[in-house]
Amino acid sequence: MVTAPFRFLRVLPAALWLALTAQVATAQPTNMTPGEVALTHPVCEDAQGMPAGWVQHFRHSPRAPYWEGVMGKTFWAVHHYCWALIHLQRAARPGLPKQDRDHMIRVAIRDFYYVVNEAKRNGEDQFVLLPELFYRAGEAYILLKEYPEAIVEFERSRQAKADYWPPYVAQAQLHAKLGMRAQARDLLDAGLKVMPGEPALLEAMKKLGSAGADTRASPGGAPRTHAAGSSAAATPR
């Protein structure tokens, strides 16, 4: 016999069920402070669901039309990106239990991908923040020591915008950490071909140096995959 609550679940429309379960995967940080928001991205001051309280006051930021012009319809999902950045700030606080820290990082990754997937649903494959979203997800995976997943995200970031330097540096640093200095050097060389004279790439190459052992072995493990679109534009901070 099916009890009443379960009968309700059986008839729940699929779209509503997906909306409800999506809330489990993402989370709005509580008690966000102006200082935390200031360390995110300028768009976060005007995004819905942020401390400015635009939605709570039943109105949008006066700068919302500008951001929608820059970002398209996906601007209305960008608060998840802002939430993710704040979760990562909080995950870096000293003394936080590892379980809480890892949970915050995973929630941040899901919020990054909420925006990625929203851009895909909106048909906005050129969404301006895609390269950064992938890059930030890669950084988060490094914090979890899930290196193959991090590399997948850095590669997606470069595919979205070949002349966006942060994923080149981050992946090269990861390769160097894993003893794969030749791979790190090759990656930085590839970046310099696209961005000749880029100071961040030159500095990373200088730090890499020429010493150290090298191995061409993979970091190991099958990377996790996410549904994602591609892009050719970004607004690196």
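Things worth noting here:
- The condition (being farther than 15 Å from T26 by Cβ and open to solvent by 40 Å² or more (accessible area, probe 1.4 Å)) is satisfied by just one residue among L129, L96: L96.
- Per-region count, segment 66-87, residues closer than 15 Å to V116 by Cα and surrounded by fewer than 19 Cβ atoms within 10 Å (Cβ to Cβ): 3
- Every condition in (1) touching a residue at least 12 places away in the same chain (Cβ under 8 Å); (2) under 24 Å from T33 (Cα atoms) is met by D100 except one, and the failing one is (1).
- Single residue of G53, G49 found to be open to solvent by less than 20 Å² (accessible area, probe 1.4 Å), over 20 Å from V128 (Cβ atoms) and modelled with pLDDT under 95: G53
- Near pairs, Cβ below 8 angstrom, 6+ apart or cross-chain, from segment 40-51 (touching a residue at least 24 places away in the same chain (Cβ under 8 Å) and over 15 Å from A108 (Cβ atoms)) to any residue that is of a type in the set (V, I, T) and crowded, with 22+ Cβ neighbours inside 10 Å: V43/V78; A47/V78
The values are calculated or read from the model by the stated rules, or taken from the named source; none is laboratory data. Bear in mind the structure is a predicted one, so any value in this text is a computation, not a measurement. Note that we place each Cβ from the backbone using ideal geometry, even for glycine, and neighbour counts take in every protein chain shown. Calculation scope for accessible area: heavy atoms of the full protein, side chains included, ligands and nucleic acids excluded. Shrake-Rupley method; radii C 1.70, N 1.55, O 1.52, S 1.80 Å.
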